[in-house]
């Protein structure tokens, strides 16, 4: 198997998925830093540890799932369908969490739009992929 067989096709949809996932991850780490350590607020007024864990987890999750989806590694290729499901589930959980917490602001609202677009593009990417080739590790 040569190196080109393990490379996923990278086109406009895949670039969109990568950019939206990275943007959502960066926004989550930004909010973690601004509302946490860099806020200048006393510890009791900063973001709680549970939320800190979730924001860092979202950052790491969006980055690692996106990398697992598009890195040209044959071992990861057969897991791409599952990775897409996990990426969609993570974006959906992030959206649901935002509305559950009920703290609305412009950055948060825009992040929800980004994550909704991410869900749509990952779904389009799944429709464009060949399950037979992915499960074979290509």
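The values are calculated or read from the model by the stated rules, or taken from the named source; none is laboratory data. Since the structure is predicted, the reported quantities are computational estimates derived from the model, not experimental observations. Please note: Cβ atoms are built from the backbone with ideal geometry, for glycine as well, and neighbour counts cover all protein chains shown.
Table for the structure above
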item	result
Residue 41 over 23 Å from residue 23 (Cβ atoms) and either surrounded by fewer than 19 Cβ atoms within 10 Å (Cβ to Cβ) or in contact (Cβ under 8 Å) with a residue 40 or more places away in the chain (or both)	yes
Inter-residue pairs, beta-carbon under 9 Å, first within 19 Å of residue 50 (Cβ to Cβ) and in the range 98-112, second in a loop (DSSP other than H, G, I, E, B), 6+ apart	98/104
Any hit, the range 58-78, residues being surrounded by fewer than 17 Cβ atoms within 10 Å (Cβ to Cβ), more than 19 Å from the chain's Cα centre (by Cα), closer than 19 Å to residue 13 by Cβ and free of Cβ contacts under 8 Å to residues at least 40 places away in the same chain	no
Sole residue being over 15 Å from residue 22 (Cβ atoms) and surrounded by 14 or more Cβ atoms within 10 Å (Cβ to Cβ), chosen from 107, 86	86
Residues within the range 10-29 that are in contact with a helix residue (DSSP H, G or I) (Cβ under 8 Å, 6 or more places away or on another chain) and within 17 Å of residue 111 (Cβ to Cβ), tallied	13
When residues of the range 1-30 are limited to those that are at pLDDT below 90 and surrounded by 13 or more Cβ atoms within 10 Å (Cβ to Cβ), the one farthest from residue 69 (Cα to Cα)	5
Matching option when the condition is part of a helix (DSSP H, G or I), more than 22 Å from residue 26 (Cα to Cα) and either modelled with pLDDT of 95 or more or touching a helix residue (DSSP H, G or I) at 6+ places or on another chain (Cβ under 8 Å) (or both), among 96, 91, 68, 126	126
